[in-house]
1. Counting just the residues of the stretch 87-110 that are acidic (Asp, Glu) and modelled with pLDDT under 85, which one comes out nearest to residue 77 (Cα to Cα)?
2. Got a number for residues in the stretch 74-108 being in contact (Cβ under 8 Å) with a residue 40 or more places away in the chain and either in contact with a Gly (Cβ under 6 Å, 6 or more places away or on another chain) or surrounded by 20 or more Cβ atoms within 10 Å (Cβ to Cβ) (or both)?
3. Just to be sure before I move on: is residue 66 under 12 Å from the mean Cα position of the chain (by Cα) and under 15 Å from residue 113 (Cα atoms) in the structure I sent?
4. Is at least one residue of the stretch 36-47 surrounded by fewer than 14 Cβ atoms within 10 Å (Cβ to Cβ), modelled with pLDDT of 70 or more and in a strand (DSSP E or B)?
5. Which count do you get for residues in the stretch 14-35 that are under 20 Å from residue 107 (Cα atoms) and at pLDDT 85 or above?
Amino acid sequence: MKINSTQTAYRFKPGQVIVLKNFQDSGVIENAPVLKIDDDVEILVTIQYIIHTESHIEIGFLPVEVSYVSNMAYMILKTVFVDFETEIFTVDCAYIQEYIVESKEVESAMKVEVFVVE
């Protein structure tokens, strides 16, 4: 497996495998706990679909449950967005803070680096 050494923002296609790594809290949800995925985590996903708009690209893949979350019971990664203006990659996610019946998933997002596997 060879991973591109630079991020590739506009050459994605369905069936391609990408690596998500270097996750950082995006700060998009006010008063939410800081989201933290361990620094050495690299997650491989296969692109299922791509949607191009005037402002961004949406990269869809099958949801991935992440168990390397330092301060949450679990987190599910859902979709990657690439903003054309800022060229920032974010991954939509949902998390639960505790394993209790009353806990509800909270939607959020994390900044992420995306690399193409060749």
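The values are calculated or read from the model by the stated rules, or taken from the named source; none is laboratory data. Everything numeric here is computed off the predicted structure, so don't read it as measured data. Virtual Cβ from ideal backbone geometry, glycine too; neighbours counted across all protein chains shown.
1. Among residues in the stretch 87-110 that are acidic (Asp, Glu) and modelled with pLDDT under 85, the one nearest to residue 77 (Cα to Cα) is 107.
2. Count: 10.
3. no
4. Yes, there is a match, as at least one residue in the stretch 36-47 is surrounded by fewer than 14 Cβ atoms within 10 Å (Cβ to Cβ), modelled with pLDDT of 70 or more and in a strand (DSSP E or B).
5. 5
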